[in-house]
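Asker: One structure, as structure tokens, below. Some questions next.
The values are calculated or read from the model by the stated rules, or taken from the named source; none is laboratory data. Since we're looking at a predicted model, the values are computed, not measured. All Cβ positions, glycine included, derive from the backbone under ideal geometry; neighbour counts span all protein chains shown.
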Amino acid sequence: MSTAPHSIRRLDPVLVDRIAAGEVVERPASATKELVENAIDAGARSVEITIEGGGKRLIRVVDDGRGMGPDDLALAVERHATSKLPDGDLSRIATLGFRGEALPSIGAVSRLSITSRPDGAAAGASLVVDAGRKGEVMPAAGARGTRIEVTDLFAATPARLKFLKSDRAETAAVGEIVRRLAAAHPQIRFSLRTEAGQSLILPAEEGEDPLLRRLAGVLGPDFPANALPVHLEREGFAVSGHAGLPTYHRGTGAYVHMVVNGRPVRDRLLLGAVKGAYADTLSSDRHPVLGLVIACAPDQVDVNVHPAKTEVRFREPGLVRALVVSAIHDALRRGGARSATTGGSATLDALRPTAYASSTPGLRRHTGFAAPGLFQAPPPVARDYPSLAAPAGYAPPRPSGPSFAFGEAPQAAYDPAPALPPQAAPGAAMDDGREEEREQHPLGAARAQIHGTYILAQTRDGLVIVDQHAAHERLVYERLKAQRAAGGIARQGLLIPDVVEMEPDAAERLCACAADLERLGLALEPFGPGAVLIREIPALLIGASIRDLVTDILDALDASGLEDGAAPATETGPLGRRLDAVLSRMSCHGSVRAGRRLRPEEMNALLREMEETPNSGQCNHGRPTSVELKLADIERLFGRR
């Protein structure tokens, strides 16, 4: 049975607002974000947020901003009414909120109460919107600024409540929103309280580097000691902030904070740039910790591309991506051999007997690993590692001889202690000051090698443990990259070319990349079906297994897809990253293997070269190359403190 179509009619305004609320108010955190952004745009210096039931029962936002008079208050809850587009130009948006949809959308699905008093007014005004029904503006007492209460969120649309998560999960989402807005505006005080008594309080930061202090409150107190300053400007764009060391990482991307013109964003372009910048210093299953601010003219970025305003579109996306990558690369290079400061505590925890550690609260407090509250940044995981920052005024010397390479001893001056004179007591040694001088270096003076794998070095105030294979792998990798950037990797011809057999399709893929591999120092050619002939290899890899080297290169090509696209004239962008991936595999074959015994001069040469090599705090796979233990911590381990 057919029915006649209904005639077209206009929807009820309240129903329109409830439909629009589906875009703007997805969950309590979304409503909180809109209200806090309005407070920031109003010039607030303090914003207090209170929630109950994960924000479903109550969201209260109190600010000390400019406030609104009765006429403005009546318009504020009308759709598409805003004070943030004075000239109506959507290409030059300089505020966080501008659509004029937040308050009417929230009021359509809850009970919304607003009390506001502008500066200089004798009294304030209040207004209530209940499930879309707007009340009258009434006189009210109140402090300067605005107080907004949202109760019974989604009571007018109960079906939406079914899609919300638990109160705990919704509370955590609100906390994440507040932290991101707080990171973007360190000059404003933020506080967040729940009915459970948990709170997040971030005081207004002033003076030198307020962003770093705010990031310490948002990302955790260990962040400043493990962060590198970032600053780079180019063609009207500026990137500033602080990037965490590669060895100070997390298992989730939630600790990456990006701000564009005061707006916290989760933009795919920017997140991809961060991932690319850390590509060869961080394990693929880990994420960096950082806070970066991008500043540009408002007409260079479109913030109107996402209903929740969490994504942006740049007029010059390639320029912005390159700027972010270059800024982080520069910061990491300046970081040199530094590793994260938190590994020492984790190492000591692993060394302590469990019963002793649990029965000694002082030891546990010293590590800094406390159970995090809901709004407290959780402590670094045990895969974070300590800092090896250089002493003030220290500049690492350049090695006087050839660098440490596979199959040869490093050329570093090393004078063993002279023979003991007859009158010397047993065990005594003459110190001519050379060992004491070495201890002033960030990585100290080599004292021993254990299990043929780890170097023990003594510093002025502690002990450094170095993984010789991981460290030298990074050194070889950085050397190969430098040679490639300088025009070509030094090659060594083989006296007898080596034939490597493999599957026919693998040989074909390898030969298809012969031109690119030759730029990496590997000269090869087809040698019948299912084989390739290797004529030259990088000079740094002499002595490595040719078959294993070629197999690893083939795996790197398969993972990076080098053979899939045409190479541009310059080795930047995707091609450069793919070539670096191949070099990373190569460097593993040119590094000192675990199990190789090193002489004292070899160990010290390795330490000195690490100190002057960028990114040497971690190997090519993101693992640490060294861990530092302070003498005071070791003394506590033995109960001497």
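Asker: Has segment 215-233 got at least one residue that is hydrophobic (A, V, I, L, M, F, W, C), surrounded by 16 or more Cβ atoms within 10 Å (Cβ to Cβ), under 20 Å from Q300 (Cα atoms) and under 10 Å from the mean Cα position of the chain (by Cα)?
Answerer: no
Asker: Sticking with this structure for a sec: Using the structure shown, decide if D555 is over 19 Å from R484 (Cβ atoms), among the acidic types (D, E) and at pLDDT below 85.
Answerer: So D555 fits the description; yes.
Asker: Answer yes or no as to whether L607 is among the hydrophobic types (A, V, I, L, M, F, W, C), over 12 Å from T247 (Cα atoms), in contact (Cβ under 8 Å) with a residue 60 or more places away in the chain and touching a strand residue (DSSP E or B) at 6+ places or on another chain (Cβ under 7 Å).
Answerer: Yes; evaluated as a whole, the condition is true for this residue.
Asker: Test G67 against the stated conditions and say whether it is modelled with pLDDT under 95, within 39 Å of the chain's Cα centre (by Cα) and outside any loop (DSSP other than H, G, I, E, B).
Answerer: Spelling it out, it is not the case that G67 is modelled with pLDDT under 95, within 39 Å of the chain's Cα centre (by Cα) and outside any loop (DSSP other than H, G, I, E, B).
Asker: Continuing with this model, one more query. If you check T247, T252, which single one turns out to be surrounded by fewer than 20 Cβ atoms within 10 Å (Cβ to Cβ) and not assigned by TED's automatic domain parsing to the domain that holds A183?
Answerer: T252
Asker: Please go through segment 256-273 and give me each residue that is on the phi < 0 side of the Ramachandran plot and either crowded, with 20+ Cβ neighbours inside 10 Å or in contact with a His (Cβ under 8 Å, 6 or more places away or on another chain) (or both), ordered by number.
Answerer: Those that are on the phi < 0 side of the Ramachandran plot and either crowded, with 20+ Cβ neighbours inside 10 Å or in contact with a His (Cβ under 8 Å, 6 or more places away or on another chain) (or both): V256, H257, M258, V259, V260, R263, P264, V265, D267, L270, A273.
Asker: From D167, D209, D152, which residue is under 23 Å from the mean Cα position of the chain (by Cα) and at pLDDT below 95?
Answerer: The unique qualifying residue is D209.
Asker: For segment 298-329, how many residues meet the condition of being closer than 17 Å to L96 by Cβ and in a loop (DSSP other than H, G, I, E, B)?
Answerer: The number of residues fulfilling the criteria is 10.
Asker: Within segment 525-550, take every residue that is on the phi < 0 side of the Ramachandran plot and free of Cβ contacts under 8 Å to residues at least 24 places away in the same chain and give me the one that is surrounded by the most Cβ atoms within 10 Å (Cβ to Cβ).
Answerer: Only one residue tops the list, namely P526.
Asker: Among the residues of segment 189-213, count how many are on the phi < 0 side of the Ramachandran plot, without any contact (Cβ under 8 Å) to a residue 60 or more places away in the chain and charged (D, E, K, R).
Answerer: Here the count works out to 4.
Asker: Looking only at residues in segment 136-149 that are in contact (Cβ under 8 Å) with a residue 60 or more places away in the chain and either out of contact with any Pro (no Cβ under 9 Å at 6 or more places or on another chain) or closer than 16 Å to I49 by Cβ (or both), which one is surrounded by the most Cβ atoms within 10 Å (Cβ to Cβ)?
Answerer: T146
Asker: Of all residues in segment 3-49, which are over 23 Å from A155 (Cα atoms), at pLDDT 80 or above and of a type in the set (A, V, I, L, M, F, W, C)?
Answerer: Result: A39, I40, A42, A44, V47.
Asker: Filter segment 499-517 down to the residues that are surrounded by fewer than 18 Cβ atoms within 10 Å (Cβ to Cβ) and either assigned to a strand (DSSP E or B) or among the polar types (S, T, N, Q) (or both) and list them by number.
Answerer: Of everything in segment 499-517, those that are surrounded by fewer than 18 Cβ atoms within 10 Å (Cβ to Cβ) and either assigned to a strand (DSSP E or B) or among the polar types (S, T, N, Q) (or both) turn out to be V499, E501.
Asker: Is it the case that some residue within segment 114-126 is out of contact with any Gly (no Cβ under 9 Å at 6 or more places or on another chain) and either in a helix (DSSP H, G or I) or farther than 15 Å from P70 by Cβ (or both)?
Answerer: Among the residues of segment 114-126, not one is out of contact with any Gly (no Cβ under 9 Å at 6 or more places or on another chain) and either in a helix (DSSP H, G or I) or farther than 15 Å from P70 by Cβ (or both), which makes the answer no.
Asker: Looking at (1) buried (at least 18 other Cβ atoms within 10 Å of the Cβ); (2) closer than 19 Å to E235 by Cα, find the lone condition where G336 falls short.
Answerer: Of the numbered conditions (1) buried (at least 18 other Cβ atoms within 10 Å of the Cβ); (2) closer than 19 Å to E235 by Cα, the odd one out for G336 is (2).
Asker: Within the bounds of segment 612-624, is there any residue that is crowded, with 17+ Cβ neighbours inside 10 Å, outside any loop (DSSP other than H, G, I, E, B) and in contact with a strand residue (DSSP E or B) (Cβ under 6 Å, 6 or more places away or on another chain)?
Answerer: yes
Asker: Would you pick out the residues in segment 31-46 that are crowded, with 21+ Cβ neighbours inside 10 Å and polar (S, T, N, Q)?
Answerer: T32, N38
Asker: Looking for whichever is under 26 Å from S584 (Cβ atoms), in contact with a helix residue (DSSP H, G or I) (Cβ under 6 Å, 6 or more places away or on another chain) and either of a type in the set (F, W, Y) or in contact (Cβ under 8 Å) with a residue 60 or more places away in the chain (or both) here; the options are L269, L282, L245. Which one fits?
Answerer: So the residue among L269, L282, L245 that is under 26 Å from S584 (Cβ atoms), in contact with a helix residue (DSSP H, G or I) (Cβ under 6 Å, 6 or more places away or on another chain) and either of a type in the set (F, W, Y) or in contact (Cβ under 8 Å) with a residue 60 or more places away in the chain (or both) is L245.
Asker: Regarding G207, is this residue surrounded by fewer than 21 Cβ atoms within 10 Å (Cβ to Cβ) and farther than 20 Å from R334 by Cβ?
Answerer: yes
Asker: Tell me, which residue of segment 107-125 that is in contact with a helix residue (DSSP H, G or I) (Cβ under 6 Å, 6 or more places away or on another chain) and of a type outside the set (G, A, S) is modelled with the lowest pLDDT?
Answerer: If we take residues in segment 107-125 being in contact with a helix residue (DSSP H, G or I) (Cβ under 6 Å, 6 or more places away or on another chain) and of a type outside the set (G, A, S), then V109 is modelled with the lowest pLDDT.
Asker: Exactly one of these conditions fails for D130: (1) in contact with a Gly (Cβ under 6 Å, 6 or more places away or on another chain); (2) closer than 27 Å to E78 by Cβ. Give me its number.
Answerer: Condition not satisfied by D130: (1).
Asker: A follow-up question, please. Within the group R133, R111, R117, which residue is exposed (fewer than 15 other Cβ atoms within 10 Å of the Cβ), in the same structural domain as A74 (by TED's automatic domain parsing) and of a type outside the set (A, V, I, L, M)?
Answerer: R133
Asker: Further, regarding this structure: Which ones in segment 150-162 are in contact (Cβ under 8 Å) with a residue 12 or more places away in the chain and either exposed (fewer than 14 other Cβ atoms within 10 Å of the Cβ) or outside the structural domain of D130 (by TED's automatic domain parsing) (or both)?
Answerer: L161, the sole residue that qualifies.
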